[in-house]
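Data first, discussion second: the structure below is written as structure tokens.
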Amino acid sequence: MTSDWLFWLSVASLIAAVVSAGIIIADLRNRPQDMTVMYPVWPITALYFGPFGLLAYWRMGRKPRRDERAQDAQQGHHHHHGGDRPFWVAVFGSSTHCGAGCTLGDIIAEFIVFFGGLAAAGSVFGAELILDYAFAFILGIIFQYASIVPMRGLRPVEGVIAAIKADALSLTSFEIGLFGWMALMRFVFFHPALEPDSPVFWFMM
């Protein structure tokens, strides 16, 4: 059983995350991103970072509006992106691709296991681990592929190889950390185990 305060904290946290993602989606409509993949990446980042994800977008991902770009182009002004960014900003921006892919993959997999009543070798937790990793890996590579290929001008096969090289270790580390935490939630902290129909489940994730 979960405490009332934890339940309502979880509800408030999820509402804040969804509102933050919604604000980003609305703002992106008139602020073209340099890479198409960032249109889903920034809102998904807000889903797991909440208001901190919104702040990160506002500080690092928010671009000039279309009309501002057109006006600057007419006046001969240019916005420079990337080269003058601090190293940690570049690293954070790159890691959002992996984080977004993993997060989206985990959400999809958890609901498939829950609503499908799936189990691996008789274990629901085993099915969660297998599908979470599979979906996170596939979507993480797709997100990284969508980032790397336009930037480097790679062919599809080269892009897949580059995406795997760039993301395989980081997303595997992400999932290993998540799996350890999931094991603690299921076997140590909560009895009975939390399920995806509980806001506390997603807050703890």
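Cβ-Cβ distance of PHE111 and PHE189, R₀ of 22 Å, FRET efficiency by 1/(1 + (r/R0)^6): the value works out to about 0.50. Here the contact order of the chain, divided by its residue count and restricted to Cα pairs under 8 Å and six or more residues apart, works out to 22 percent. Extension gain, ASP34 to ILE15, is 4.0 nm, computed as 0.36 nm per intervening residue step minus the present C-alpha separation.
Dividing the C-alpha radius of gyration of the chain by 2.2 N^0.38 Å, with N its residue count, gives 1.15. Just tell me, in residue order, which DSSP H segments of the chain are both 24 angstrom or longer along the helix axis (alpha-carbon based) and at least 1.6 in mean Kyte-Doolittle hydropathy. Length and hydropathy pass: 4-28.
The GLU68 and PHE179 beta-carbon pair, evaluated with R₀ = 30 Å, returns a calculated FRET efficiency of approximately 0.10.
Quick note: the coordinates plus some simple rules give every number you see, no bench work behind them. Only a predicted model underlies this, so the values are computations on that prediction, with no experimental measurement involved. Here the Cβ is made from the backbone with ideal geometry for all residues, glycine too, and neighbour counts use every protein chain on show.
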